[in-house]
Amino acid sequence: MKIVILDGYTENPGDLSWSGFEALGDLTVYDRTDVRNVDEIAERIGDAEIVITNKTPLPAAVFERCPGIRYVGVLATGYNVVDCAAAKEKGVPVCNIPTYGTAAVGQFAIGLLLEICHHIGHHDQAVKEGRWESSPDWCFWDHPLIELDGKTMGIIGYGRIGQAMGKLAQALGMQVLAFDAHQDPTLESHTCRYVGLDELFSQSDVIALHCPLFPETERIINRDNIAKMKDGVIILNNSRGQLIAEQDLADALNSGKVYAAGLDVVSTEPIRGGNPLLTAKNCIITPHISWAPKESRQRLMDIAVKNLKAFLAGAPVNVVNK
């Protein structure tokens, strides 16, 4: 059985092992495949039965040209790179990794928030440039420093990651307002409660996005909803870039309505040079790395191998195109 991994580098730049897949078949790993070149994608798959992808697209044309495909594994939670309907028509299950980075993503969101509150990187650089050594004062700071204790965190999307974020926020002394279509009353307490969106927007000092990208959540951070927020609100997004109307957020940052934003995702990735958030005030942007600690990637690898083993045993799991 031939197994092809089309874009393995992001998951495993060399610090993990592909041995789990190697034990299941004849494995070929490509670090990267041109996502715009259907010919290259189809050629690399060839007569392989098992195709593993992260962000390399598998449109209908690939399934037509590679009739030997029996299984597609996605090295991610999101699976929009695969034409799932075309795969289903060919009888090919598409399996994703539904949860592997919960702790890492929640931790990273808090990291973005703490950087906004303390500008740690900037002040570290200032010290190393000699500014503290030459300072006439015992200490100095270039930006306002923010204490989170007693402030309110609004979390849009209170699933696994949202809940992880909520626990960390509460540990910092914050009140949590949660919005989710599916509510679990057992999660409510004197420091956490479910609210409607408008109340979340109007009462939160910090708003964190941890919801999936659906038509009803696309561009949920937009001009109209920003107008409902407190002046000086902080916005965090390490979920999906399309949750934010980027020009609207840039305008709000530049006007001061939004004090700062911490973003690990943007609408088009890798980011394009014309993205208005690149030049917006007080906007931290990182290159979609919340999920990427080694521990998280190892967990992803283990689940991906288990997914394939389950398929080979005749009982596929985590199938997204049933």
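The numbers here are math on the coordinates, done by the rules we state, and not lab data. What you are looking at is a predicted structure, and each value in this text was computed from that prediction instead of being measured. Cβ placement follows ideal geometry from the backbone for every residue including glycine, while neighbour counts extend to all protein chains displayed.
Placing unit charges on the Cβ atoms of the charged side chains and taking the dipole of the chain about its Cα centre, the candidate lying farthest along the positive direction among LEU148, VAL266, ALA87 is ALA87. By the Kirkwood approach, averaging reciprocal distances over each pair of separate Cα atoms, the stretch 193-322 gets a hydrodynamic radius of 16.6 Å. Proximity of backbone amide H atoms, modeled 1.01 Å from N, is registered between LEU16 and no other residue at under 5 Å, excluding neighbours fewer than 5 places apart on the same chain.
The calculated FRET efficiency for PHE140 paired with VAL195, based on their beta-carbon distance and R0 = 45 Å, is about 0.70. With both labels modelled 7 Å from their Cα along Cα-to-Cβ, the THR28 to LYS228 distance reads 5.2 nm. Per-residue Karplus couplings for the stretch 203-208, computed as 6.51 cos²θ - 1.76 cosθ + 1.60 with θ equal to phi - 60°, are listed in order as 9, 8, 7, 10, 10, 10 Hz, Gly and Pro entered as x. Our estimate of slack between GLU40 and SER17, defined as 0.36 nm per intervening residue step minus the Cα-Cα distance, is 5.8 nm. Computed over the alpha-carbon atoms, the stretch 102-285 gives an Rg to Rh ratio of 0.99, Rh here being the Kirkwood radius from the mean inverse distance.
Proximity of backbone amide H atoms, modeled 1.01 Å from N, is registered between TYR71 and VAL51 at under 5 Å, excluding neighbours fewer than 5 places apart on the same chain. Per residue, the chain reaches -9000 deg cm²/dmol at 222 nm when only DSSP H runs of four or more residues are counted, each adding -39500 (n - 2.57).
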